[in-house]
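Novice: Just dropping this structure here.
Bear in mind these aren't lab numbers, they're just calculated from the coordinates by the rules spelled out. This is a predicted model, so every value here is computed, not measured. Counting neighbours? That spans all protein chains shown, and the Cβs are built from the backbone with ideal geometry, glycine included.
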Amino acid sequence: MDIRDIRTRLLELLTTIAPDIDAAHLNPQRALRDQFDFDSMDALHFATAVSEAFGIDIPERDYASLASLESAAQFVLSHLPAGA
Amino acid sequence: MMRIEFRLPSLGADMESATLTQWLKQPGEHIRRGEPIASVETSKGLIDIESYDDGEIVDLVAAPGTLLPVGAVMAHLQVEDGARAAASPEAPAASAPAPAAPAPAPAAAEPAAAVAARVRLSPAARRRAQELGISHETLAHAAAAAEVLHIEDIERLAHAQAGAPGDARAAMRQAIGAAMARAKREIPHYYLGHTLDFGPAQAWLAQYNEPRPVSGRLIESVLIVKAVALAAWRSEGFNGYFRNGRFEPSAGVHAGAAIAVRGGGLVAPALIDAHSKDLPTLMREFSDLVSRVRTGHMRSGEFTAATITVTSLGADGVDVLYPIINPPQVAIVGTGALRDAPWALEGQVVIRPTLTLALAADHRVTDGRAGARFLRTIAELLAHPQEL
């Protein structure tokens with residue numbers, strides 16, 4: 001799975017947990033919280049979805065890595081189980 | 001068996017109309033009390049409205065796509081005789097959409113002038129209502145939410161009745177404006193603030209979450225909601241409704257959780273019996289509420305059930321949020337952002353995560369002294385999170 005697949009999958013997860021966001025105008029570099037009024041529950045839902053979809057554990061101290069779509073993609077890429 | 005009308009309920013003092021989007025039951029089908037009967041689009045988003053009765057659907061009166069004023073007959077149900085007497089205790093905030101004892105249906109075309117005898121209208125408002133042909137039901141239900149209807153109320157009703165366009169955001173803003181104007185007009189608010197050391201709660205939370213998968217973790221808001229609910233349950237005068245000139249306490253604490261709606265506005269659906277649920281259960285229900293606000297599957301009962309509200313601006317917030325009471329409730333607790341700040345502890349200045357609580361409460365029910373005790377109780381509970 002390369003970074004582009006990860007980005008695509010992350011966008012799918014994001015629009016599933018928050019179908020009310022305007023995904024067409026998403027800036028992958030910008031914090032989701034600043035773009036979409038993401039609250040702490042949205043952030044947790046996103047972390048849960050990412051953790052389950054990619055099979056990786058996300059400790060609380062790493063939540064900050066999921067702030068933007070791009071930082072989340074980089075985080076997933078560096079934590080993917082070998083062979084995935 | 002008797003035949004009753006199912007009317008569009010009011011999902012709060014700020015709601016005037018809704019558009020029927022879909023029937024979830026068909027004629028001949030059985031429906032249980034609390035089961036969704038239809039999906040409607042309101043200024044608060046898409047909501048599944050629930051039946052107040054057990055019975056069978058006789059016919060569906062309203063067609064999908066129709067804009068209906070609050071109180072409009074949507075369907076007819078066949079129910080057991082007398083079943084209605086015990087109807088809907090959990091829909092107390094509704095501005096009398098479906099009277100417990102069904103009154104004989106008023107003639108549909110009852111002129112505004114006749115209604116004015118019962119509904120208090122200013123003279124200008126009465127004239128305007130006649131000119132605009134506002135229906136009796138619309139007037140009657142609007143009147144249930146306000147003492148006297150003024151001309152601007154009539155203009156708003158006409159707007160709603162005509163199904164005038166105006167995007168969802170404007171409708172939401174208008175709904176919030178109406179409810180908050182009523183709160184500021186009718187409720188003598190008093191405000192109290194209290195800053196607490198959130199360190200113990202944060203440390204407990206980190207320890208709780210550490211071994212758990214993301215889906216099993218808790219967030220700060222759940223601890224705060226639980227603490228407020230427990231404090232409200234142990235105190236007098238903060239949990240319930242002020243209606244008909246007096247305070248009606250509620251046995252259970254149904255904590256309304258203010259949730260921001262993207263694009264503007266907010267809703268505050270209830271976490272039922274929040275005082276008696278453990279944190280993981282409350283977390284699941286809170287999580288589910290937020291998901292359904294996002295995906296548009298709120299249930300009508302959730303909107304009218306809250307007996308006290310908790311509101312927060314989240315991590316991006318400022319130090320203090322001075323909230324406004326959501327009528328007919330009598331108290332609301334706002335939390336500022338969690339913030340590291342200098343704190344005096346055992347004669348030393350230390351840096352602690354601090355949280356400022358602000359209470360707005362109704363002076364017709366309680367005084368500052370009781371309010372202070374209530375806030376201190378919340379702080380005390382948050383200082384001992386393992387007991388929540």
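Novice: Rounded, prolate or oblate: which fits the range B:284-364 when a ≥ b ≥ c are the square roots of the eigenvalues of the alpha-carbon gyration tensor, with rounded for a/c under 1.5 and prolate only if a/b beats b/c?
Specialist: oblate
Novice: Given axes a ≥ b ≥ c from the Cα gyration tensor, I'd like to know whether the range B:187-387 is rounded (a/c under 1.5), prolate (a/b larger than b/c) or oblate.
Specialist: Oblate, since a/c reaches 1.5 and b/c is not below a/b.
Novice: Within 10 Å of each Cβ of A:31-40, how many other protein chain Cβ atoms are there on average?
Specialist: 4
Novice: While we're on this one: Could you tell me how far the Cα centroid of the range B:251-281 sits from the Cα centroid of the range B:343-385, in Å?
Specialist: 21 Å
Novice: Provide the net charge surrounding residue B:246, with neighbours chosen by a C-beta distance below 15 Å and charges set as Lys +1, Arg +1, Asp -1, Glu -1.
Specialist: Taking every Cβ under 15 Å from that of residue B:246, the sum is -2.
Novice: Once a ≥ b ≥ c are taken as the square roots of the eigenvalues of the Cα gyration tensor of chain A, is the result rounded (a/c under 1.5), prolate (a/b larger than b/c) or oblate (a/b not larger than b/c)?
Specialist: prolate
Novice: For the residues B:50, B:56, B:302, what sequence is obtained by ranking on other C-beta atoms within 10 Å, fewest first?
Specialist: B:56, B:50, B:302
Novice: Let me ask something else. What does the charge count near residue A:70 come to, summing +1 for each Lys or Arg and -1 for each Asp or Glu among other residues with Cβ under 15 Å from its Cβ?
Specialist: +2
Novice: Report the full-extension gain for the segment residue B:63 to residue B:349: residue separation times 0.36 nm, less the Cα-Cα distance, to one decimal in nm.
Specialist: Net length gain for the segment: 96.3 nm.
Novice: Which of B:262, B:3 has the fewest other C-beta atoms within 10 Å, and how do the rest follow up to the most?
Specialist: B:3, B:262
Novice: Next up: What does the charge count around residue B:353 come to, taking other residues whose C-beta lies under 11 Å from its C-beta (Lys +1, Arg +1, Asp -1, Glu -1)?
Specialist: Spelling it out: positives minus negatives among the neighbours equals -1.
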